[in-house]
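Read the figures in this text as sums done on the coordinates, not as results from a lab. Note that this is a predicted model, so its numbers are computed, not measured. Cβ placement follows ideal geometry from the backbone for every residue including glycine, while neighbour counts extend to all protein chains displayed.
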Amino acid sequence: MNLPLLLTLLLGGLAALDATPVAQTMLAQPLVTGTLLAAIWGDWRVALETAIVLQLLAASTVPIGARTPADYATGGVVGVGTAVALAAGRPFSFTQDACAMLGVMSGLIAALLGSAVLRWQRRLNEGLARWCESRLRAGEPRALGEAHRAAVVLAFALGVGFSAACLGVAIAGLDRFAGGESLRLARAWRLAQPLWLGFGLAQILHLFVQRRLSRVAVFGAALIAAWLVLVVGSP
């Protein structure tokens, strides 16, 4: 296993940690993990193109009631990781666009499948909480720390394992397809670009109507900064 791929899997575990029992900062957002993967793989164009689209899809996902939302934390890592891994050794712009398209689709599928993993993880955490409660009633105050450490290890392991499984299937299954259908995929990617732009503007307007001006500023600035990197070129 090469170093960039290993770091990608570790980032999948960290993103899963950030999305559930630890911190819950912006690290789990596809645009953040995509930027880190761009630095790891040295492919800023493909990584940021894929990350921007996955970030827009993640921002448009609204949890309703008790429904488990799509897991765009690991889905973002899988999507961007698939795109940059497929684009490695393919220097032409149309093949890179094809890899970005396949990365978005892989990330979307991984995010949808990840909701089932999240539900399973929640059931395990519920069992862990019941164990912790019984131990605390028995007079073992250290059980709370042990339960939290177990939840952290579980989230990290599931993030790494799920990312490894999805990346392995996506890279092995799509490598030949990316080369053979690159022209059609690149055409589909360019045709879909106005749709991604519409998604981004819709999210900014939605946040503006809700008077979440700080989120509007952060979200808009992140998109503009990423777009400028794509326009200016790789650093």
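If Lys and Arg each add +1 and Asp and Glu each add -1, what is the summed charge of the other residues whose beta carbon sits under 13 Å from the beta carbon of Val152?
-1
Tabulate in residue order the Karplus-calculated ³J(HN,Hα) for the stretch 26-31, using 6.51 cos²θ - 1.76 cosθ + 1.60 with θ = phi - 60°, rounded to whole Hz; enter x for Gly and Pro.
The phi angles translate into 7, 4, 7, 6, x, 5 Hz.
Rounded to whole Å and sorted largest first, what semi-axes of the equivalent ellipsoid does the C-alpha gyration tensor of the stretch 123-163 yield via the square root of 5 times each eigenvalue?
Listed largest to smallest, the semi-axes of the stretch 123-163 are 24, 10, 4 Å.
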